[in-house]
Amino acid sequence: MKRAAMVVLVLGLVQFAPAQQTPATTAAPAQGTTPTPAAKRLPQAKTQPEFAAYQAAMTKANDPAGLEAAANDFATKYPDSELRILLFKEDMAAYRSANNGEKMMEMGRKVLAIDPDSPEALIGVGEILVERTHDTDLDKAQRWAEAEKLLQHALETIDTDIVVPPNTPQDKVDAFKSDLRSSAYSILGTLASNQEKYPDAENYYHKSIDAFPSQPDPVVVLRLALVLDKQGRYGDALKEADRAVELTKQIPSLAETAQHEHDRLVQLTGGIPTSAPASTPPASAPAPAAPKN
């Protein structure tokens, strides 16, 4: 996913703005840009020492654990600072890059404690709840219910609660929102698939692809093929598997699974992508497991 691009843009424009100054969001749009719709204004430091402390904490951006410690220290020293949320968002992204889901979720919950409407954090926490909850977990129902609530709320706040720097070109804002919306629908699809609600999963995966049609996620396309397969709609599944094979050619971690699913469906349909259900597949040819992100 590409949502980090806007986060970096926001972080790069944080500034020291004493209370008597005009908020940055009132600046006139630059020539050639479209005014962005109502959104939360860019967080600002109230004092120079606060801003300096924020900048010092951000020097740890490439060290998730170091940034976490610095963000916690900053939040203790400046408990009312608007900049706390940016440090925790940055650390959430850093832990995502480090593939540390539990810490990513922990930072996401810290963001939500400050702003319960933050779509990035709602999606991030929901994603980990879905991806890291197993069918054997005793609390799976509670975790799944929380994930669905967070993700549905994210879909409600994407248009109103992202932080948009002033004069951001509207096409960049729209792309960021589309990516967030696509991500939320994708994770809801995976949640429904994990619950064996395959028609719901199909619907969410289609919504995910439709939300950002110019950049279809290969994982989502492959998962759509798999849930169609689970419903016995092998012709429809083959259409999506064909697409998944094409999209994953340069992604070795997904290409093998996509090709396996494609070859299996070709056997079942004779290579004809139709909507008619084919015969039940033999037990020796189960559908591949859904790929992990």
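Here, each number is a calculation from the coordinates, and none is a lab measurement. Nothing here was measured: the structure is a model prediction, and the numbers come from that model. Quick reminder, even Gly has a Cβ in these numbers, built from the backbone with ideal geometry, and neighbours come from all protein chains shown.
Summary of values
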quantity: Rounded D (µm²/s) - the range 60-126, Kirkwood Rh over Cα pairs, Stokes-Einstein at 25 °C, 0.890 mPa s; calculated: 214
quantity: Over 21 Å between alpha carbons, listed pairs 197/230; 197/249; 60/149; calculated: 197/249; 60/149
quantity: Whole-Hz ³J(HN,Hα) from phi, Karplus 6.51 cos²θ - 1.76 cosθ + 1.60, for the range 146-158, glycine and proline x; calculated: 5, 4, 4, 4, 5, 5, 5, 5, 4, 4, 7, 9, 4
quantity: Label-point separation in nm, residue 46 to residue 139, each point 7 Å along Cα→Cβ; calculated: 3.5
quantity: q = 0.19, 0.26 Å⁻¹: log10 I(q)/I(0) that the Debye formula gives for the range 112-171, counting C-alpha atoms only; calculated: -0.70, -1.01
quantity: Protection-proxy order for peptides 65-72, 207-214, each taking the mean of Cβ atoms within 10 Å per residue, highest first; calculated: 65-72, 207-214
